[in-house]
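Below you'll find the structure, written out as structure tokens, and then a few comments.
The values are calculated or read from the model by the stated rules, or taken from the named source; none is laboratory data. Computed from a predicted structure; not experimentally measured. Neighbour counts run over all protein chains shown; Cβ positions are idealised from the backbone, glycine included. Areas reflect the complete protein model, heavy atoms only, side chains present, ligands, DNA and RNA absent. Shrake-Rupley method; radii C 1.70, N 1.55, O 1.52, S 1.80 Å.
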Amino acid sequence: MFKKIFSIVIVLAVAVVMNSCENADNKATEETTETPYNMAKYANFTLTTDISQLSDNQKEMLLLLFKAADLADEIFWLQNIGDKEAFLATIEDPALRQYAIINYGPWDELNNLTPFIEGYGPKPAGAEFYPPDMTKGEFNSFDDENKTSLYTLIRRNEERELTTVWYHEAYKERTDKMSALLEEAAQLADDPGFANYLNLRAVALRTDDYFESDMAWIDMKDNLIDLVIGPIENYTDGLYGYKAAHEAYILIKDVEWSEKLAKYAAFLPQLQTELPVDQAYKNEVPGFDVDLNAYDVVYYAGDCNMAGKTIAINLPNDERVQLEKGTRKLQLKNAMQAKFDKILVPISEMVITPEQRKHITFTAFFSNTMFHEVSHGMGIKNTINGKGSARKALKEKYSAIEEGKADILGLYLVTKLNEMGEFNDTDLMDNYVTFMAGIFRSVRFGASSAHGMANMLRFNYFLEKGAFSRNDDGTYAVDMDKMKAASTDLTQKILKIQGDGDYEAAANWIATDGVIKPQLQADLDKINDAGVPVDIVFTQGPEVLGLK
Ligand code: ZN
């Protein structure tokens, strides 16, 4: 019984933490500039992958999935601004039009939703999910059990009273078409689990009951192709956060990396016993059932394709499914490559000392990110002094401390597995220098997010311990031995705070070191002034994959 409750606690903890991981790349905001829009903010990247291992049926199936994803995209336009064609028809300047397409509307998503097209006021907080003239008071007194559903629109009837409309009714023509496409695709699916999921997802889109399809999605394990589709995240509803927005990802599994991850996850219990802390802080046995896979994503549509792009997904969001079956963590390898090439490399050319730039590699960036995710399952979830879970004891400071733990334990895992001869994809120095450069990417827009704060705690800790030094020209150099030693000390410090549930220590540490200090701010300003892109837009679709 204890074991069962314990594993539920872990699932919940991982689920919440992962949500913050997933969003880290969506939070970038910029100072308002004089121009109404800035195309240079986005770098272009082509989403592709090797499809030579796919069967003819699978290739034919992919074409149907692209069509279904396009329908999710059309629905998202309706949810965010209304009629897409009518809106775009008003924009003559092709560059401005392109910028509007990236933002799915006239508001700059990476610049505090500032309107960049004349004639538009602020974005309605509830987007198109609610009537524009609805007040919160009116919503509160609206008596309808479905009003807070993820899958209803709030509309006005002929008497101007509020009413709810299910998505499958409001978007019937499109959701019916999507369902039919998924059923047709199921006929072509080589993997029976995926076929089952597609059929259940088709039913879900017709009924707005996604539970069975979410369960089936978690159950399938061997499918090479994956599809995330439907109303999923609720960030676009800025009014209440009730309403889910339509989106779709089409994914091809990176079997080689997924197998490696399963292999490394199997070392976790052993590595846990070797953590550099007193026994009391490492008594827990880390989860074996880490469902963590790597993918190339070949299509972003709808909500997830707007402005800042996610490079990792953790789903499903339905807590009933999470409790029963856990979640799946999807790492989007080629999208990470995009951010590496277009953002991290230019940043490191400005802030890493020239002799060490050869150590900035994608394999190191990717492996650091993957081991960060694996590390969330390590360490300590429950305090050793009866204060309950570390999450509860550390309250709102927990996320930053937990993200910091995952970062530093990720580096610890890479180091250990390398020393054991199990992980030799990279030179360890690559992992360390790339890790350092990653700090600059993560704090470029401030330390306000959990990830940003965690990065600042570590940056200031490393600086104090001489793990890296700042040259007079404003570049930084890693001292690997000192960084290794500092990593060990930092691991001890974080696991102790979590195990002791020491809220005071966490709060004091964040107050002094979870902030960007003036010298670093000056170095970050240099990056922003140089116009290093903020995010990515994709060239994507069947043509890019050579499918038609
Ligand atoms: Zn994380």
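Considering the range 365-402 alone, what residues qualify as being closer than 17 Å to TRP509 by Cβ and within 11 Å of the ligand (Cβ to nearest atom)?
Within the range 365-402, SER399, ALA400, GLU402 meet the criteria.
Residues in the range 403-422 that are within 15 Å of the ligand (Cβ to nearest atom) and either among the charged types (D, E, K, R) or touching a strand residue (DSSP E or B) at 6+ places or on another chain (Cβ under 6 Å) (or both): how many?
Final tally of qualifying residues: 3.
Pick from GLU402, GLU396: which is charged (D, E, K, R), in a helix (DSSP H, G or I), within 25 Å of the chain's Cα centre (by Cα) and surrounded by 22 or more Cβ atoms within 10 Å (Cβ to Cβ)?
Going through GLU402, GLU396 in turn, just one is charged (D, E, K, R), in a helix (DSSP H, G or I), within 25 Å of the chain's Cα centre (by Cα) and surrounded by 22 or more Cβ atoms within 10 Å (Cβ to Cβ): GLU402.
Sort through PRO276, PRO286 and tell me the only one that's in a loop (DSSP other than H, G, I, E, B) and crowded, with 18+ Cβ neighbours inside 10 Å.
None of the other options fit; the residue is PRO286.
Which of the residues that make up the range 87-100 are open to solvent by less than 60 Å² (accessible area, probe 1.4 Å) and without any contact (Cβ under 8 Å) to a residue 24 or more places away in the chain?
Within the range 87-100, PHE87, LEU88, ALA100 qualify.
Which of (1) closer than 27 Å to GLY241 by Cα; (2) open to solvent by less than 30 Å² (accessible area, probe 1.4 Å); (3) assigned to a loop (DSSP other than H, G, I, E, B) is the odd one out, the single condition PRO122 does not satisfy?
Only one criterion in (1) closer than 27 Å to GLY241 by Cα; (2) open to solvent by less than 30 Å² (accessible area, probe 1.4 Å); (3) assigned to a loop (DSSP other than H, G, I, E, B) is unmet by PRO122, namely (2).
Check ASP296, ASP291 and return the single one that is farther than 26 Å from LEU64 by Cα, open to solvent by 20 Å² or more (accessible area, probe 1.4 Å), acidic (Asp, Glu) and within 18 Å of the chain's Cα centre (by Cα).
ASP291
Looking at ASP430, ASP425, which is the one that is more than 12 Å from the ligand (Cβ to nearest atom) and either under 12 Å from LEU495 (Cα atoms) or not in a helix (DSSP H, G or I) (or both)?
That would be ASP425, the only listed residue that is more than 12 Å from the ligand (Cβ to nearest atom) and either under 12 Å from LEU495 (Cα atoms) or not in a helix (DSSP H, G or I) (or both).
Cβ contacts < 7 Å: first residue without any contact (Cβ under 8 Å) to a residue 12 or more places away in the chain and open to solvent by 10 Å² or more (accessible area, probe 1.4 Å), restricted to the range 365-384; second residue more than 12 Å from the ligand (Cβ to nearest atom) and assigned to a loop (DSSP other than H, G, I, E, B), any location; separation 6+ or different chain. Result?
none
What pairs come out if I take residues in the range 525-548 that are modelled with pLDDT of 95 or more and pair them with residues that are open to solvent by less than 20 Å² (accessible area, probe 1.4 Å) and polar (S, T, N, Q) whose C-beta lies under 6 Å away, six or more apart or interchain?
Pairs that qualify, where the first residue is modelled with pLDDT of 95 or more and the partner is open to solvent by less than 20 Å² (accessible area, probe 1.4 Å) and polar (S, T, N, Q): there are none.
Give me a count of the residues in the range 522-544 that are of a type in the set (Val, Ile, Thr), in a loop (DSSP other than H, G, I, E, B) and open to solvent by 50 Å² or more (accessible area, probe 1.4 Å).
Here the count works out to 0.
Consider only pairs whose beta carbons are under 8 Å apart and that are at least six residues apart or on different chains; among these, list those whose first residue lies in the range 404-424 and is farther than 24 Å from MET453 by Cα and whose second residue is within 16 Å of the ligand (Cβ to nearest atom).
PHE423/SER367; PHE423/VAL414
For the range 101-117, which positions are open to solvent by 10 Å² or more (accessible area, probe 1.4 Å) and of a type in the set (Asp, Glu)?
Matches in the range 101-117: GLU109 only.
Keeping to the range 183-211, report how many residues are over 21 Å from ASN317 (Cα atoms) and touching a strand residue (DSSP E or B) at 6+ places or on another chain (Cβ under 9 Å).
Quick first cut of the range 183-211, residues over 21 Å from ASN317 (Cα atoms) only: 183-192, 195.
Next cut, touching a strand residue (DSSP E or B) at 6+ places or on another chain (Cβ under 9 Å) only: 185, 189-191.
Adding up the residues that qualify gives 4.
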